Amino acid sequence: MTGSPTPRDVDVVVIGAGQAGLATGWALARQGFERGREFVLLDGEPAPGGAWRHRWPSLTLGTTHRVHDLPGLPFRPDSEDAPAVESVPAYFADYEHRFQLPVVRPVRVTAVRRTGQGAFTVETDRGHWTARAVVNATGTWTRPFVPRYPGQELFRGRQLHTVDYRDAEEFRDRHVVVVGGGASATQLLAEISRVTSTTWVTRRPPVWRDGPFDEDVGREVVATVEQAVREGRRPGSVVGVTGLLTSTPYVRDGLDRGVLERLPVFDRITPDGVAWDAADGEAGRTVPADVILWATGFRAAVGHLAPLRLREPGRGFRMDGTQVAGEPRVHLVGYGPSASTIGANRAGQAAARALRRELRPGTPLARSA
């Protein structure tokens, strides 16, 4: 579907049509919800692909964490060297077409509110939808996080987040401070350090993990993040649980070249660089910088849910599976333990089954894929 139809009543509005939204749409259709009439996907992007439409051009399929198949359609790229920014959106477009998913775009959701009849009004820049249930599948890409440090506004160089990164060549002959301890930080550091000098800073010392990201590691990550969301805390960093995998090609390359030597995060930013205050008998130090690259992650894009007042004091959502605890008709897919490609697939199916039970009690459930 394209354009914006007349605002309508549906059983389920899915907000977002990236991996999490598409998996949920597929699962809703499998559970018997009629496409377009009983559920719809509202997507803020002008074309398929979700956040993958905005990845930097040098990110290839071989250097991403694995892009897991969407349910029902294997992802079979021609080459591991293909740019992810082209291959994944093309796959998503094929998926939408193959399963005739009712995606309406571009539609920006601004607020979700309860009605007086036990339903929800989904307010958008293209009119309003009303729904008996809402699945939020907006991910994090639209909410880059940049921490605050004293002197930040005085820095005379360039500051950018990973969402703004395109190519290492633009930093040639400029000293770049990369801030962050995750996969994006190490990948971009390895790339940028091939054309210019770099400094890497992180809040905590990196934890290096040998071996692959196998099922045991995956279960460890999911269990840790699930515990956080059950308690209403913000989901933690995946890297905080898994560590950085030394088997990853760009990590091996960075370690071999000695560019992954980390400093603790600075205390303040100066007009010409970053600085550490004196501590424990050691003198302070400064590092000149032309560029500060904030590889400091993202926050969940859930501001439009604020009128529902579902957040806990810890600013997270207390979750029971995919549903917000105490609110069986609001589900978050791609949040917390499902904030991964394989996790989103499973969560989308779980949410669809739960909504089938909630909205159509007594109706048999379809099997999972």
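The values are calculated or read from the model by the stated rules, or taken from the named source; none is laboratory data. Not measured: the values here are computed from a predicted model. Note that we place each Cβ from the backbone using ideal geometry, even for glycine, and neighbour counts take in every protein chain shown.
Looking for whichever is in contact with a helix residue (DSSP H, G or I) (Cβ under 8 Å, 6 or more places away or on another chain), at pLDDT below 90 and either among the small types (Gly, Ala, Ser) or not assigned by TED's automatic domain parsing to the domain that holds residue 188 (or both) here; the options are 58, 4. Which one fits?
Numbers: 4 fails: in contact with a helix residue (DSSP H, G or I) (Cβ under 8 Å, 6 or more places away or on another chain).
The match here is 58.
What is the residue count in region 26-58 for residues that are assigned to a loop (DSSP other than H, G, I, E, B) and either in contact (Cβ under 8 Å) with a residue 24 or more places away in the chain or out of contact with any strand residue (DSSP E or B) (no Cβ under 9 Å at 6 or more places or on another chain) (or both)? Give the derivation first.
At the first step, the residues of region 26-58 found to be assigned to a loop (DSSP other than H, G, I, E, B) are 31-34, 36-38, 43-49, 55-58.
Filter once more, keeping what is either in contact (Cβ under 8 Å) with a residue 24 or more places away in the chain or out of contact with any strand residue (DSSP E or B) (no Cβ under 9 Å at 6 or more places or on another chain) (or both): 31-33, 36-38, 43-49, 55-58.
Within region 26-58, residues that are assigned to a loop (DSSP other than H, G, I, E, B) and either in contact (Cβ under 8 Å) with a residue 24 or more places away in the chain or out of contact with any strand residue (DSSP E or B) (no Cβ under 9 Å at 6 or more places or on another chain) (or both) number 17.
Checked against (1) surrounded by 15 or more Cβ atoms within 10 Å (Cβ to Cβ); (2) in a loop (DSSP other than H, G, I, E, B); (3) not charged (D, E, K, R), residue 117 passes all but a single condition, namely (1).
Residue 46: within 30 Å of residue 164 (Cα to Cα), touching a Pro at 6+ places or on another chain (Cβ under 7 Å) and loosely packed, with under 14 Cβ neighbours inside 10 Å, yes or no? Here the answer is yes, as residue 46 does meet what is asked.
Checking region 98-114 against the condition returns a match, with at least one residue being of a type in the set (Lys, Arg), in contact (Cβ under 8 Å) with a residue 24 or more places away in the chain and part of a loop (DSSP other than H, G, I, E, B). Of all residues in region 311-369, those that are among the polar types (S, T, N, Q), in contact with a strand residue (DSSP E or B) (Cβ under 9 Å, 6 or more places away or on another chain) and not in a helix (DSSP H, G or I) total 2. When the residues of region 144-189 are narrowed to those that are of a type in the set (Lys, Arg) and more than 22 Å from residue 57 (Cα to Cα), which ends up surrounded by the most Cβ atoms within 10 Å (Cβ to Cβ)? Once the filter is applied, the top-ranked residue is 156.
Residue by residue, here is whether (1) touching a residue at least 60 places away in the same chain (Cβ under 8 Å); (2) surrounded by 18 or more Cβ atoms within 10 Å (Cβ to Cβ); (3) of a type outside the set (Lys, Arg); (4) within 24 Å of residue 139 (Cβ to Cβ) holds:
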position: 252; (1), (2), (3), (4): no, no, no, no
position: 296; (1), (2), (3), (4): yes, yes, yes, yes
position: 301; (1), (2), (3), (4): yes, yes, yes, yes
position: 315; (1), (2), (3), (4): yes, no, no, yes
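With respect to residue 153, determine if the residue is in a helix (DSSP H, G or I), under 26 Å from the mean Cα position of the chain (by Cα) and not β-branched (Val, Ile, Thr). Answer is no for this residue.
Total residues in region 7-19 satisfying the condition of being under 16 Å from residue 72 (Cβ atoms) and modelled with pLDDT of 95 or more: the figure is 1. Residue 120 satisfies every condition listed in (1) in the same structural domain as residue 40 (by TED's automatic domain parsing); (2) of a type in the set (Phe, Trp, Tyr); (3) in contact with a helix residue (DSSP H, G or I) (Cβ under 7 Å, 6 or more places away or on another chain) except (3). Total residues in region 145-185 satisfying the condition of being closer than 18 Å to residue 55 by Cβ and polar (S, T, N, Q): the figure is 2.
For residue 195, state whether it is touching a Phe, Trp or Tyr at 6+ places or on another chain (Cβ under 8 Å) and surrounded by fewer than 15 Cβ atoms within 10 Å (Cβ to Cβ). Judged against the criteria, residue 195 is not a match. For beta carbons closer than 8 Å, sequence separation of 6+ or different chains, a first residue in region 321-350 that is under 17 Å from residue 140 (Cα atoms) and a second that is at pLDDT below 90 and of a type in the set (D, E, K, R), the qualifying pairs are 336/226; 337/226; 338/346; 341/66; 345/69.
Of all residues in region 295-318, which are in contact with a helix residue (DSSP H, G or I) (Cβ under 7 Å, 6 or more places away or on another chain) and under 27 Å from residue 128 (Cβ atoms)? First the steps, then the outcome.
Taking region 295-318 first, the residues in contact with a helix residue (DSSP H, G or I) (Cβ under 7 Å, 6 or more places away or on another chain) are 295, 316-318.
Matches in region 295-318: 317 only.
Inside region 123-140, residues that are of a type in the set (Val, Ile, Thr) and outside any strand (DSSP E or B) make up a count of 2.
From the list 202, 130, the one residue that fits, being more than 23 Å from residue 35 (Cα to Cα) and either within 21 Å of the chain's Cα centre (by Cα) or among the polar types (S, T, N, Q) (or both), is 202.
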